[in-house]
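Written below as structure tokens is the structure these notes are about.
The values are calculated or read from the model by the stated rules, or taken from the named source; none is laboratory data. Please read all numbers here as calculations on a predicted model, not as lab measurements. Here the Cβ positions follow ideal geometry from the backbone for every residue, glycine too, while neighbour counts run over all protein chains shown. The area values use the complete protein model at the heavy-atom level, side chains included, leaving out ligands, DNA and RNA. Shrake-Rupley method; radii C 1.70, N 1.55, O 1.52, S 1.80 Å.
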Amino acid sequence: MKAQKSLSRPVLWVAVTTLILLAIPFVAMQFTNEVNWSVSDFIIMGLLIFSTGLSYVLLTRSASGFTYRAAFALAVGTTFLLIWANLAVGLIGSGPNAANLMYAGIAGIVIIGTFLSRFTSRGMKHVMFIAVFALAICAGIQLLAKMYAYAGSSVTEIILVNAFFAMLYAISGLLFRHIALKQPPAAA
């Protein structure tokens, strides 16, 4: 019973925060035609925001240190940003493009890797560095396939977008590495 009670308050805060964030485009739609969200846009963003917040709450609820919380905040936040940017405008070219599915693969690596790592700092360190490596591979594929020729894309943009997300995952990986180095080795 106590575990349910201790989790209900953070879940409520995540739900309230989600509603507040969704109110921003809703209010903006009342004053300008520049913001034009459909019901499905609100549902998708609501699910994305709520699941991101809930993931952070669940992953850090037993964490005691600031560094651990910061590492997970960076990992969860970067994955949110990667998915959101990809859904909103696409990261390759302008608008929907099948090549953007590569970034869904990166998000999949992080999400599945997080579960496989059993949420340990040693495991998460590896997941973050695998995501960095996968982003480098994506950038290489994009350049070799000449995706910089797509409308709204360039070599510089491909390099900078992939480097930006790789840097965020690398920082998270270094934070997890720092935590793992301070922990005693696991018993055999």
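All of Val161, Val155 fail the test of being more than 18 Å from the chain's Cα centre (by Cα) and either more than 14 Å from Val76 (Cα to Cα) or not β-branched (Val, Ile, Thr) (or both), apart from Val155.
Examine the range 155-173 for a residue that is part of a loop (DSSP other than H, G, I, E, B) and open to solvent by 80 Å² or more (accessible area, probe 1.4 Å), and state whether such a residue exists. No, the range 155-173 has no match at all. Here Arg177 does not fit the description of being within 25 Å of Leu54 (Cβ to Cβ), charged (D, E, K, R), open to solvent by 60 Å² or more (accessible area, probe 1.4 Å) and more than 15 Å from the chain's Cα centre (by Cα). Filter the range 72-115 down to the residues that are more than 17 Å from the chain's Cα centre (by Cα) and either at negative phi or of a type in the set (Phe, Trp, Tyr) (or both), then identify the one that is surrounded by the most Cβ atoms within 10 Å (Cβ to Cβ). Across the range 72-115, the extreme among qualifying residues is Ile92. Among the residues of the range 2-10, is any surrounded by fewer than 16 Cβ atoms within 10 Å (Cβ to Cβ) and either modelled with pLDDT of 95 or more or part of a loop (DSSP other than H, G, I, E, B) (or both)? No, the range 2-10 has no match at all. Is there a residue in the range 125-145 that is touching a residue at least 60 places away in the same chain (Cβ under 8 Å), open to solvent by 20 Å² or more (accessible area, probe 1.4 Å) and over 14 Å from the mean Cα position of the chain (by Cα)? No, there is no match, as no residue in the range 125-145 is touching a residue at least 60 places away in the same chain (Cβ under 8 Å), open to solvent by 20 Å² or more (accessible area, probe 1.4 Å) and over 14 Å from the mean Cα position of the chain (by Cα). Each residue in the range 22-40 was checked for being open to solvent by less than 80 Å² (accessible area, probe 1.4 Å) and touching a residue at least 12 places away in the same chain (Cβ under 8 Å), and 3 pass.
Here's the yes/no breakdown for (1) modelled with pLDDT of 95 or more; (2) more than 23 Å from Ala71 (Cα to Cα):
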| residue | (1), (2) |
| --- | --- |
| Thr120 | no, no |
| Lys125 | yes, no |
| Leu135 | yes, no |
| Ser154 | no, yes |
| Ala163 | yes, no |
| Ala166 | yes, no |
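Every condition in (1) touching a Ser or Thr at 6+ places or on another chain (Cβ under 8 Å); (2) free of Cβ contacts under 8 Å to residues at least 12 places away in the same chain is met by Phe164 except one, and the failing one is (1). Summed over the range 41-71, the residues that are surrounded by 16 or more Cβ atoms within 10 Å (Cβ to Cβ) and in contact (Cβ under 8 Å) with a residue 60 or more places away in the chain give a count of 4.
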